[in-house]
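What follows is a set of notes on a single structure, which appears directly below.
The values are calculated or read from the model by the stated rules, or taken from the named source; none is laboratory data. Small disclaimer: the values here were computed from a predicted structure and weren't measured. A quick note on method: Cβ atoms are made from the backbone with ideal geometry, for glycine too, and the neighbour counts reach across all protein chains shown.
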Amino acid sequence: MTAPLPLVGIRVLDMGQFWAGPNAGRHWADAGADVIKVESCRRPDPLRIQARGIYPDHDPGGPKGDHWNRSGMVNERNRNKRSLAIDLTSPRGREIFLQLVSHADVVSQNYSSRVMPSLGLGYDTLSEVNPRLIMISLMSQGLTGPESDYVSYGQNLEQLSGISYFSGYPDDEESVALALPDPLGGASAALAVAAGLRHRDATGRGLHIDLSQRETASLVVGDALVAHSLGGHPARLGNHEPGANPSDCYPTRGEDRWVAISIRSDDDWARLCEAIDQPELMTDSRYVSIVGRRRHRAELDALIGRWTSQLDHQTAMERLQRLGIAAAAVLNPRELFRDKHLRQRGFWESTTDYSAGEQEYTGRPMRLSQTPYGGRTPTPGLGQHNREILGELLGMEDTELDALEAESVIGTEPILSASGGMAVAR
Amino acid sequence: MTRPLDGVTVIEAGEGIPAAYCCWMLGVLGADVIKVEAPAGDVTRRLGPFPHDVPDREQSALYLHLNRNKRSIVLDLESATGQELFRELVAGAAVLVEHGDPGWLKARGLGHESLAQSHPELVSTTITPFGQEGPYRDFAASEITLMALGGLMNIAGEIEREPLKLAGSPAHYSAGLFAFTSTLMALTLAEASGVGQLVDVSVLEGLTCSHFQDLVEFEYTGDVRRRGTGKMPIPTQDGFISFAVQAHHFPNFRRLILGADAAPDEASEDLINRDRQRLEGEMDNQILEWALQRTKYEAYFEGQTEAHIPAAFIAEMQDVLDSPQYEARGYFVELDHPDGESIKFPGLPAQMSGVEWEHRRAPRLGEHTIQILNELTDLTADEIAEVRAAGVI
Amino acid sequence: MTTNQLPMPLEGIRVLDLGMFWAGPFAGKLLADAGAEVIKIESPSHPDNLRILARGVYPDGEAGERPWNRSGMINERNRGKRGAAIELGTEAGRAIFRELVAISDVVIQNFSTRVMANWGLDYPQLREINSGIILCSIYSQGSQGPESGFVSFGGTLEQIGGITNLTGYQNELPGGFTIQLPDPLGGTIAAGMVVAALRQRRITGEGSLIDLSQRENVTTLLGDEVVGHQFGARPAERLGNRDQLMAPQGCYPCDGEDAWVTLAVANDEEWSHLCEAIGQPGLREDERFATVLLRHEHHDAIDQILTDWSRTRDKHQAMQELQAHGVRAGAVQDSRDLYADSQLRARGFWERVEDPDAGSHEYPGAPARFARTPLGTGRATPTLGQDNDYVLRDLLGKSEVEVAKLLADNIVGEDPTEAAQLGHL
């Protein structure tokens, strides 16, 4: 393993906040780019402040009292980056940012659509400073269109994209709320920028990528959209996999433990009969065919449930998998952390956080055979690398940096209102 | 318009020539033929010839010819669901015709005995190379090996050389014809008595029934007929002709070639024990001269109309397509080709008074799957969608 | 339904079989095998040609006293029928025929196109006698068209139908070789059409005329080439024993006189089996033969290799060895081989018939096995006029006096006329 990481030499100014933007930033950082998380003390990544109580051992303050560096959701998705906390609303801050742009390859942002232009940092401006710049705007609904300046979060994008329509029990109003569009948007953005870099190699010019999270999320339900346009009536399927009868979650031993089973062919059904030690069922005319299994669903589910209830979910999964049946234990977060398979793959990576101590986070979603893909440094503290970055890239001296700090153009602590919320810095 | 097989539903299964040919004819006679194809489609879709030799499973000439007047449903008979659906289709049909390895349907729980349990009027016609039992039952076969075993190659070709096969696939077509006739006979009985049966057609046996002389000659005299030296076809201006002159044709033939004033030949008066081959041989030069003054069609026409002798010309494919006789008979059927032109297809070689045959193009793979399932099963739209998602249809 | 005797499929159907030679009589035999009462009607002045032109095919080669009842070809394809000899060349004879039409269901004929019309026995005329009559006319080229009156035999039909042009050794002229397939095929489709017409009659109450063209039947067997030619596909060629798609395919000499085995290989897997079968597994790696295209290209080389192997084996042995390795193979069988063929024997294919005039012989049986109602009658071919009495007295109710008169006037007979016996047909 001696090859350099793929994006070594690429510098990204990652203005992303919440999930999608930072998630994209982490992809680039993992791949070796120098990703600078651009935040400001007046307006840090909101998840540093709205941490929803996710602190180590429920203790926000910790030994240093810097709760904004101990937020679990921020620390999970900003590793391998450096942090610059700079006030972009101040003329000096903006000027410094523009100087940094000329040293960068990529600027990534997922603010709502008015923000960058109102900061005087629209693509026109940035590309004048650096014609080779690749800017990616990870908008909820894109840069154009009547809804382009609507504000949104992952959960309502889930609804707008169609994912919520198709998710949930068929007989129920409720849907899932996974905010799936966020990581989807992040991954799509990572790919889009890689394409943009290729474009730049070929043409010598940068470009502006307009990525709509709603659109990328809709890809997940693309087949249903096509089916509808062909005159079909795709509907909410609950736990059902089309063509697999039955496919569902069955209760196993213990509280709220389940195994998901997918019987994808008549052969799978025959093997299931073997697995549950009831070979005589193979010739039971009620269940031999897909149609029969659907029509006698109630008896079938009871039959399978009786078997699954006697086992714990891992055992049920292993027994079925041994016979080639698609089965999976439904794992909760604790179980995921302990999962043998994931552990053996080295998926969980241990890190010493900036301020949150020794923690384990999700590791690499992929392995490259020649490069050491993975965690190198933990999520930075707010503004942790202010001096390093400005000194290294812009040659600023300590005295100038002290002045910037005194004027609160750069800093390492959020400037909060008395209520503890975020200052409105406009 | 009434047709002989109105109200008869036929299920066709398996692939290849014989069952398809049989069921095409049943379809022209008015039966509702449902062709069950595996997801990969009938093998004849892959054999061509294709337009401009570009393979396309909807454009194979062999498939298009053999599968007109049918509907196509795709069913994966390897799966229990597919087998159950097949049962439902057969339950609504009078006839099942199939061609495949012996016992292939039985191995999938779809043998005649099993199907007939709930459907005793069912006629199942099974076509195999050698029949359902016997030492050759599981032998691998093809057109040439069947013609060889059936005794037809032995008597074709030149004695100084290897035996010769006839062009095309006559053994398989012949089996399809025997299946056609046998199926109709069994159907007649089933409709009259309510009792169907298994009809077992063997390609080899069909061929063995198709010997003109040599089998009975051996049985009666012990002589084993060999192939001859073969008559050379006679060249004309634009192709070849031949004469199949029998004893009683000879005087006319002689007059045709030598002219009406030719001196009578006493030898040619003896009708039965004449050595006509020698006599014909003596006229070789004159025959050649006569033929070269004419086109093949002229020679044929003249030989037939002036001398009433069995003259024939060796038709090339364009001759077949342009035949004035076929034109007068309305034998060819024109069907639209996706390219826009219409293509001539062979029609049914038999006309029946009071009936006009209808000819419909061959179906696309699985073209009527949903329609057939809606008609003949009680599957809901949801169930059909599921079965489709599972790859069974 | 219990296992009571089921009726034969065509029980109760009466067929008047005027067929001569092969196609017509074969159709009649198929119907007889299925239980129809088939009455072969021949004129003493012109019985079925094959009674007279028997080509020496008599038991032990001996014509005997009444050769017309000992002709092998007649006996092979007219089994199970009754026979009446009625002189259709006379008005009186045709009158009897009309009486029969009134009580029959089907008439089969394969005369040339003008004959029935000249006799006043065309379809409209028969229909007037019996509106339910089905007339099946097996013509060589159908009843309409400029060539409809032309004379033909199986071989000539193969030529004008298009098969002969595609048949022949590679790079040689089209074969004048004929195996007369059009005739049994014509007879078979005719029988099928008759059964269809009977069903049509059950629906409509009316009979019909079936007008069949044997030439068209031949062309239908080449439907893929007919369509392919219009598709601008590669032109069909005479390939001898080779094939457009399969390689290798051919006919290879075996040990013994005029002994051959055929084989065909459809894909690479089968090629591999063949290499093993002939004891040369190394050939599987031979680059010359690795794909079907290459095997086509190097077919001559393959033929040589296969010939070297086949020459050392008896043809049936070669077939068995090849089959044991899953190779499509078939020995070229002659008539002796067919009578000895173990598959046909195991199937009980041959039918033994006791014929008072020709002796006890085995003939080919029915071409399909019916599980509940086995086809076949086991009865011999009728001698000429054998059932005259049954027809005239039992069926038509004629008195002994009437019958004697008919015999005396040569309207009905039991022997061919002298002229006919001499071959003046």
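Brief remarks on what is shown
- Residues in segment C:313-340 that are hydrophobic (A, V, I, L, M, F, W, C), assigned to a helix (DSSP H, G or I) and assigned by TED's automatic domain parsing to the domain that holds C:Ala264: C:Ala318, C:Met319, C:Leu322, C:Ala324.
- Residues that are out of contact with any Asp or Glu (no Cβ under 8 Å at 6 or more places or on another chain), in contact (Cβ under 8 Å) with a residue 40 or more places away in the chain and surrounded by fewer than 23 Cβ atoms within 10 Å (Cβ to Cβ) do not occur anywhere in segment C:227-236.
- Some residue of segment B:65-80 being at the interface with another protein chain (Cβ under 10 Å from one of its Cβ atoms) and among the basic types (Lys, Arg): yes
- Residues being out of contact with any helix residue (DSSP H, G or I) (no Cβ under 8 Å at 6 or more places or on another chain) and within 18 Å of A:Asp248 (Cα to Cα) - total across segment A:150-166: 0
- Remark: pairs (first residue in segment B:39-57, more than 15 Å from B:Ala20 (Cα to Cα); second residue outside any loop (DSSP other than H, G, I, E, B) and not charged (D, E, K, R); Cβ separation under 6 Å; 6+ apart in sequence or on different chains) = B:Pro39/B:Val74; B:Pro49/B:Ala61; B:Pro49/C:Gly228.
- Residue within segment A:60-71 that is touching a Pro at 6+ places or on another chain (Cβ under 6 Å), of a type in the set (Lys, Arg) and closer than 22 Å to A:Ala406 by Cα present: no
Yes/no per residue for (1) assigned to a strand (DSSP E or B); (2) outside the structural domain of C:Gln109 (by TED's automatic domain parsing):
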| site | (1), (2) |
| --- | --- |
| C:Met8 | no, yes |
| C:Leu31 | no, no |
| C:Glu42 | yes, no |
| C:Asp60 | no, no |
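- Here B:Glu205 fulfils each of the conditions (1) without any contact (Cβ under 8 Å) to a residue 40 or more places away in the chain; (2) touching a helix residue (DSSP H, G or I) at 6+ places or on another chain (Cβ under 8 Å); (3) over 24 Å from C:Glu172 (Cβ atoms); (4) within 7 Å of chain C (Cβ to nearest Cβ) apart from (1).
- The residue of segment A:252-296 that is surrounded by the fewest Cβ atoms within 10 Å (Cβ to Cβ), among those that are of a type in the set (Gly, Ala, Ser), under 19 Å from A:Trp307 (Cα atoms) and in contact with an Asp or Glu (Cβ under 8 Å, 6 or more places away or on another chain), is A:Gly254.
- Failed item, numbered, when C:Gln317 is tested on (1) crowded, with 16+ Cβ neighbours inside 10 Å; (2) within 15 Å of B:Thr145 (Cα to Cα); (3) more than 10 Å from chain B (Cβ to nearest Cβ): (1)
- Restricted to segment C:217-311, the set of helices (runs of 4 or more DSSP H) holding at least 2 residues that are more than 7 Å from chain B (Cβ to nearest Cβ) comprises C:268-277, C:292-297, C:299-310.
- Restricting segment B:211-252 to residues that are more than 7 Å from every other protein chain (Cβ to nearest Cβ) and among the β-branched types (Val, Ile, Thr), the residue that is nearest to C:Ser71 (Cα to Cα) is B:Val245.
- In summary, strands (runs of 3 or more DSSP E) completely within segment C:70-165 and bearing 3 or more residues that are more than 7 Å from chain B (Cβ to nearest Cβ), buried (at least 19 other Cβ atoms within 10 Å of the Cβ) and of a type in the set (A, V, I, L, M, F, W, C) occur at C:106-109, C:134-139.
- Taking residues in segment B:112-134 that are facing chain C (nearest Cβ under 9 Å) and free of Cβ contacts under 8 Å to residues at least 40 places away in the same chain, and partners anywhere that are among the hydroxyl-bearing types (Ser, Thr, Tyr) and in a loop (DSSP other than H, G, I, E, B), not one pair has Cβ atoms closer than 9 Å while being at least 6 places apart or on different chains.
Yes or no, residue by residue, for (1) in a helix (DSSP H, G or I); (2) in the same structural domain as B:Val28 (by TED's automatic domain parsing); (3) over 27 Å from B:Gly7 (Cβ atoms); (4) aromatic (Phe, Trp, Tyr):
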residue: B:Glu158; (1), (2), (3), (4): no, yes, yes, no
residue: B:Glu162; (1), (2), (3), (4): no, yes, yes, no
residue: B:Lys165; (1), (2), (3), (4): no, yes, yes, no
residue: B:Ser182; (1), (2), (3), (4): yes, yes, no, no
residue: B:Asp200; (1), (2), (3), (4): no, yes, no, no
residue: B:Leu207; (1), (2), (3), (4): yes, yes, yes, no
residue: B:Tyr220; (1), (2), (3), (4): yes, no, yes, yes
residue: B:Arg225; (1), (2), (3), (4): no, no, yes, no
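- Residues of segment C:228-261 classified as aliphatic (A, V, I, L, M), at pLDDT below 95 and more than 16 Å from B:Glu143 (Cα to Cα), total: 2
- Given (1) surrounded by fewer than 16 Cβ atoms within 10 Å (Cβ to Cβ); (2) in a helix (DSSP H, G or I), index of the condition A:Tyr169 fails: (2)
- In the set (1) touching a helix residue (DSSP H, G or I) at 6+ places or on another chain (Cβ under 8 Å); (2) free of Cβ contacts under 8 Å to residues at least 60 places away in the same chain, A:Gly206 fails one condition alone, (2).
- Meets criteria (surrounded by 13 or more Cβ atoms within 10 Å (Cβ to Cβ), without any contact (Cβ under 8 Å) to a residue 60 or more places away in the chain, on the phi < 0 side of the Ramachandran plot and touching a Leu at 6+ places or on another chain (Cβ under 7 Å)) for A:Arg319: no
- As a summary of the residue check, C:Phe21 satisfies the conditions (1) touching a Lys or Arg at 6+ places or on another chain (Cβ under 8 Å); (2) under 23 Å from C:Gly93 (Cα atoms) except for the one numbered (1).
- In the set (1) more than 30 Å from A:Asp30 (Cα to Cα); (2) in the same structural domain as A:Arg77 (by TED's automatic domain parsing), the condition left unmet by A:Asp353 is number (1).
- Looking across segment B:139-169, just one residue is within 7 Å of chain C (Cβ to nearest Cβ), under 26 Å from B:Pro102 (Cα atoms) and charged (D, E, K, R), and that is B:Lys165.
- Whichever residue in segment B:294-319 is hydroxyl-bearing (Ser, Thr, Tyr) and closer than 28 Å to B:Lys344 by Cα and, among such residues, is farthest from the other protein chains (Cβ to nearest Cβ): B:Thr295
- Residues being touching a Lys or Arg at 6+ places or on another chain (Cβ under 9 Å) and in a loop (DSSP other than H, G, I, E, B) - total across segment C:400-421: 3
- Annotation: of all residues in segment A:256-286 being aliphatic (A, V, I, L, M) and under 19 Å from A:His240 (Cβ atoms), the one that is nearest to the other protein chains (Cβ to nearest Cβ) is A:Ile263.
- Filtered residues of segment C:190-199 (kept if at the interface with chain B (Cβ under 7 Å from one of its Cβ atoms) and surrounded by 24 or more Cβ atoms within 10 Å (Cβ to Cβ)): C:Ala191, C:Gly192, C:Met193, C:Val195, C:Ala196, C:Ala197
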